[in-house]
Amino acid sequence: MNSIDVHELTKDYGPTRAVDQLTFSVKPGRVTGFLGPNGAGKSTTMRLVLGLDRPTAGTATIGGRPYASLESPLRRVGALLDAQAAHGSRTARDHLLALAVSNGLAESRADEVLEETGLAAVARRRIKTFSLGMRQRLGIAGALLGEPDVVMLDEPSNGLDPEGIIWIRELMRGMAREGRTVLVSSHLMNETSSFADHLIVLGRGRLLADLPMQSFLDSRGRPGTRLRTTDSARLCEVLIRRGHRPVQEDDGRWTVYGAKAEEVGAAAAAHGIPLLELFDLQPTLEEAYLDLTTDQSEFSAAASPTTRPRQEA
C-alpha cells in the first residue's frame, strides 16, 4: 500500500519543538487536507516525510519505507514544496528534462506534463520570466513527472487564477479516484472544503484532528436554524417558551441554536406566524477549523473594536 505513515514523529530545532510526537496515516484513494495555523509544523512534517530533514525521534515512511531508500523516488512520490526552487535561468522544459533524466524517465514525459499543466506554449521561456501562477504550474508538472502513486502538494493553489484553481482541484480529485495517495497542505479553507475527503489538522506541532471531512464538520459545528419572519416578537415568545434563546444577526435574520428547521417551522405554523426564510445551519470548514485552532495560532490579530454585539432575545 502506498500510504504515508507517520509514527511518533518529533523534530526539534534547538529549544524549539516544531513537530511533537505526531502519529497519523494518509491513505490512498482520497484527498487528505493538511491544515493548521502558521507555525503548526505542516511544512516541517512534509520535509521529514521527504527526507529533507532528519527527525529528532520517530519515523515517517511511504509504503512502509523511508523516502531515502526508495528506488527511482520520482516514480513513487511527487512533491511540490516550493514553487520558487526551480533555477530561474533554465527554461521550463530544460528544468523538467533534468528531473526526468536524473530519474530514468523518458524525455517525452517532460513534454507531456507541460501540456497537462498548460505550459506547453511557454516551454522554452526562462523560468525567471514566469509569473507566480506559472511557476506553480511548473512545480506541479515536476510533481507529476514520474506518474507517482503518492503526491504531496504544499499550497498548490497559490498564485493560480480561477481557471487554474478549478484545474488543480479536478486534478487532485482525479488522482484520488485513480487510487493514488494525495496530501495537500493549504490555508484556504473554502478551497480545501471543495476537494478534501479527509482532514489532518495540526496545532503547535501536535495532532488536533484526523477525521473524514464531514465527521470533522459535525464534531465542531453547532447545530441550529436560521430564519426570517415578519413577526419576530411573537415567534421569539413561542420559542422561548419551548426553551430556546433566539439570537438576532446583523442582517436581521434570527438564529435558534439547538433547534432544527422542522421543529421551528412546526412551532411557527401552529401559531400562524409567517416565515420568509427557514433553513438548518450547516457548519463551514472555516468555522469548524477556527473553533478548533483559535488557541493554537502562533500569530493572531486583536479583535476589532468596531464589532457590534448581537442581540439576544
For segment 222-282, fraction of C-alpha pairs farther apart than 16 Å, in % = 31
Give the long-range amide H neighbours of THR229: residues separated by 5 or more places, or on another chain, with amide H under 5 Å away, using H modelled in the peptide plane at 1.01 Å from N.
-> LEU276
If you build a Gaussian network model of the chain, linking Cα atoms that sit under 10 Å apart, which residue out of PHE195, PHE216, PHE24 swings the most?
-> PHE24
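Rounded to a whole number of µm²/s, how large is the Stokes-Einstein D of the chain at 10 °C and 1.306 mPa s, given Rh as the Kirkwood radius over C-alpha pairs? Working shown, then result.
Working: Rh = 22.1 Å.
The Stokes-Einstein estimate is 72 µm²/s.
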In a GNM of the chain with a 10 Å cut-off on Cα contacts, which of ILE240, ILE62, ILE200 has the highest mean-square fluctuation?
-> ILE240
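Just how large is the dipole of segment 10-57 about the Cα centre, in debye to the nearest 20, putting +1 at every Lys and Arg Cβ and -1 at every Asp and Glu Cβ? Don't jump to the answer; show the numbers that get you there.
Values: 7 positive and 3 negative charges, 35 e Å.
Here the size comes out at about 160 debye.
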Those aspartates and glutamates that a straight Cα-Cα span of less than 17 Å connects to LYS27, excepting residues fewer than 8 apart in one chain | ASP5, ASP149, GLU178, ASP197, ASP210
Charges only on Cβ, +1 for Lys and Arg, -1 for Asp and Glu: so what's the dipole of the chain about the Cα centre, in debye to the nearest 20?
-> 400
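Looking only at segment 4-213, where both bridge partners belong to it, what percent of the DSSP beta bridges are antiparallel (to the nearest 5)?
Values: 20 of 38 bridges.
Approximately 55 percent, going by the DSSP bridge assignments.
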Cβ-Cβ cut-off under 10 Å around PRO283, Lys and Arg +1, Asp and Glu -1: the net charge is -2
For segment 179-188, in order, what is each residue's ³J(HN,Hα) by Karplus, 6.51 cos²θ - 1.76 cosθ + 1.60 with θ = phi - 60°, in whole Hz (x at glycine and Pro)?
-> x, 7, 9, 10, 10, 10, 8, 7, 9, 8
Can you list the residues, at least 5 places off or on another chain, whose amide H is less than 5 Å from the amide H of GLY159, using H built in the peptide plane?
-> none
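So for segment 35-179, Kirkwood radius off the Cα pairs, Stokes-Einstein at 37 °C and 0.692 mPa s: how many µm² s⁻¹? Mind showing how you got there, number by number?
Details: Rh = 15.9 Å.
After rounding, the answer is 206 µm²/s.
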When the Karplus curve 6.51 cos²θ - 1.76 cosθ + 1.60 is applied with θ = phi - 60°, which whole-Hz ³J(HN,Hα) does each residue of segment 74-81 get, with x for Gly and Pro?
-> 5, 7, 9, 9, x, 9, 10, 10
Near the amide H of GLY203, under 5 Å away, which other amide H atoms are found, from residues 5 or more places off or on another chain, if H is placed in the peptide plane?
-> LEU208
So which lysines pass the test for LYS11, namely a Cα distance under 16 Å, with those fewer than 8 places away in the same chain ruled out?
-> LYS42
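Within 9 Å, Cβ to Cβ, of SER157, how many net charges do the neighbouring residues add up to if Lys/Arg are +1 and Asp/Glu are -1? Write down the numbers at each step before the final one.
On the way: positive: ARG169; negative: GLU155, GLU191.
My count for the surroundings of SER157 gives -1.
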The chain - mean residue ellipticity at 222 nm from DSSP helices (-39,500 (n - 2.57) per run, n ≥ 4, rounded to 500) | -9500 deg cm²/dmol
Using the charge dipole of segment 145-303 (Lys, Arg: +1 at Cβ; Asp, Glu: -1 at Cβ; taken about the Cα centre), state which of LEU188, GLY146, ALA269 has its Cα farthest towards the positive end.
-> ALA269
Considering only LYS260, LYS11, LYS27, give the residue with the highest GNM mean-square fluctuation for the chain, with springs between Cα atoms whenever their separation is below 10 Å.
-> LYS260
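Laboratory data are not the source of any read-out in this text; all were calculated from the coordinates shown. Note that the structure is a prediction, hence the values are computed from the model and not measured. Quick reminder, even Gly has a Cβ in these numbers, built from the backbone with ideal geometry, and neighbours come from all protein chains shown.
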